[in-house]
Amino acid sequence: MTANQFVCPNHDKILITQCLATCPHHIRCMAKPTLETVAKSVSDRKLGRKFSVTELISGTREQYLKKTIAYAINPQDHIFAMHGSAVHSICEHSTSSSVLTELRLANDLYTGQIDCYGDVLGNGKKILLDYKVTSSYKAMVALGYYKEDVPTGETYKTGLKKGQPKIKKVWRYDGVKKLYEWALQVNAYRLLLEEHNFKVDDMYIQLYVRDYSVRISSERNITQPMYLLHINKISDHWLKAYFSAKKEHLAAALNDKIAPAFCSHRESWHGRKCVNYCDVHEECKRLYAASLPVAEDAA
Ligand code: SF4
Ligand code: SF4
């Protein structure tokens, strides 16, 4: 199934087809073309049992619900995702015949759309490049930036801390790069390219930081709108095992019509996605409540 309803600002739910035909409110909450783009972005691509890389990386329960029930989405929650689509369309035009953009490929495990491939960085290497629009916080942790307390060499002369060393915060750039899902996705695309006889010398993500101009961004040491992020190789054996297990799990759930267990901590971003970002959280909760045993005195 797919998202078939929009949630209006007053929390009413309305069929997307009905909203696009006529808004029952005195004025639309956003322009009709924007709503049409949101509706298109959440429609199921109906590839049968071929799942996309992003579908397999996300929670199996979430994907199961998205594919089996009709659900409602708030168009406001999908605007940042559209920034990503806009960046893709800006970048998809290349005058170079040696650069491929928006290339859709498939293998036995998944389908994927490669944003950009070729000698795009001018170093003579075949580069696989993926575009991401993200927040300054996510950029900071993906780049491995962190602050460390460093003694200044001075001590406090007065007050409660008298005699104690003075400390200053210093930016470090060698932290663990927290980009597991991105690295999985880009490596899955690398595998696709290599299986179709495209040599890949290196992988990068071109990060667009949507809030780079606000104060909080400079406090995170994010001072430019765009960063190039190198992605390390993940072993092919590990990738195939991971995607094969995720594919089998989702296909079996769909086949048996049995909802998988809750998404893992990693898939649900340690619960943050369930609370704020999951389109099917209502259905997920309802299904869980329905699966609970009925108390005897309530029966
Ligand atoms: S345009 Fe906005 S307010 Fe009007 S029906 Fe659609 S979602 Fe609701
Ligand atoms: S609410 Fe959480 S556990 Fe349920 S489908 Fe969404 S992400 Fe998964």
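Just so it is clear, none of the values below were taken in a lab; they were calculated from the coordinates. None of these values were measured; they are calculated from a predicted model. As a convention, Cβ positions derive from the backbone with ideal geometry for all residues, glycine included, and neighbour counts pool all protein chains shown.
Apply the Karplus parameterisation 6.51 cos²θ - 1.76 cosθ + 1.60, with θ equal to phi minus 60°, to every residue of the stretch 14-22 and state each ³J(HN,Hα) to the nearest whole Hz, in sequence, with x for glycine and proline.
9, 4, 4, 4, 5, 4, 5, 6, 8
At a 10 Å Cβ-Cβ cut-off, how would you order Ser41, Ser217, Ser264, fewest neighbours first?
If I rank by nearby Cβ atoms, fewest first, I get Ser264, Ser41, Ser217.
Please arrange Leu192, Leu35 by counting, for each residue, the other beta carbons lying within 10 Å of its beta carbon, fewest first.
Leu35, Leu192
If the stretch 9-156 were replaced by its equivalent ellipsoid, with semi-axes equal to the square roots of 5 times the Cα gyration tensor eigenvalues, what would those be, largest first, whole Å?
34, 27, 18
Defining a contact as two alpha carbons under 8 Å apart and six or more residues distant in sequence, what relative contact order in percent does the chain show?
19 percent
Could you pull out the pairs from Lys199/Lys240; Lys126/Lys147; Lys138/Lys169 whose alpha carbons sit more than 27 Å apart here?
The pairs that break the limit, which is 27 Å between Cα atoms, are Lys126/Lys147.
Scan around Ile167 for amide H atoms under 5 Å from its own, H built in the peptide plane at 1.01 Å from N, and keep only partners 5 or more places away or cross-chain.
Under 5 Å from the amide H of Ile167 lie the amide H atoms of Thr152, each far enough along the sequence or on another chain.
For the chain, which span is the longest to avoid every loop-located (per DSSP) member of trypsin sites (Lys or Arg not before Pro) having at most 12 other Cβ atoms inside 10 Å?
Longest site-free region, per DSSP loop and neighbour criteria: 50-156.
Which residue, Ala142, Ala81, Ala31, tops the fluctuation ranking in a GNM of the chain built on C-alpha contacts under 10 Å?
Ala31
What is the sum of charges around Glu195, taking Lys and Arg as +1, Asp and Glu as -1, for the other residues whose C-beta is under 11 Å from the C-beta of Glu195?
Cβ neighbours under 11 Å give a net charge of -1.
Pick from Val53, Val275, Val209 the residue whose mean-square fluctuation is largest in a GNM of the chain, springs joining Cα atoms under 10 Å.
Of Val53, Val275, Val209, the most mobile in the Gaussian network model is Val275.
Tell me what the chain gives for mean residue ellipticity at 222 nm when only DSSP H runs of n ≥ 4 count, each as -39,500 (n - 2.57), the sum divided by the residue total, rounded to 500 deg cm²/dmol.
-10500 deg cm²/dmol
From the backbone phi of the stretch 118-125, what are the Karplus-calculated ³J(HN,Hα) couplings (6.51 cos²θ - 1.76 cosθ + 1.60, θ = phi - 60°) in whole Hz, Gly and Pro given as x?
After applying 6.51 cos²θ - 1.76 cosθ + 1.60, I find x, 7, 7, 9, x, 10, x, 9 Hz.
What is the dipole size for the chain, taken about its Cα centre, with +1 at each Lys and Arg Cβ and -1 at each Asp and Glu Cβ, in debye to the nearest 20?
Magnitude of the dipole: close to 860 debye.
If you build the convex hull over the alpha carbons only and average its shadow over all orientations, what do you get for the stretch 173-242? Give it in nm² to one decimal.
5.8 nm²
Got a sec to turn the phi values of the stretch 55-70 into Karplus ³J(HN,Hα) couplings, 6.51 cos²θ - 1.76 cosθ + 1.60 with θ = phi - 60°, whole Hz, x for Gly and Pro?
5, 6, 6, 6, x, 5, 5, 4, 5, 4, 5, 4, 8, 10, 10, 8
How large is the Kirkwood hydrodynamic radius of the stretch 111-226, counting all unique pairs of alpha carbons, in Å?
Computed over Cα pairs of the stretch 111-226, the Kirkwood hydrodynamic radius comes out at 17.0 Å.
Please work out the Kirkwood hydrodynamic radius for the chain, using every pair of different C-alpha atoms, and report it in angstroms with one decimal place.
Kirkwood hydrodynamic radius for the chain: 22.3 Å.
Going by how many other beta carbons lie within 10 Å of each one, how would you line up Asp279, Asp256, Asp119, fewest first?
Asp256, Asp119, Asp279
Summing +1 for each Lys or Arg and -1 for each Asp or Glu, what net charge is found among the other residues whose Cβ lies under 14 Å from the Cβ of His83?
Within the 14 Å Cβ shell, the charges total +1.
Could you give the longest part of the chain that holds none of the chymotrypsin sites (Phe, Trp or Tyr not before Pro) found in DSSP loops with at most 13 neighbouring Cβ atoms within 10 Å?
1-155
How high is the relative contact order of the stretch 209-285? Use alpha-carbon pairs under 8 Å, at least six apart in sequence, and give a whole percent.
13 percent
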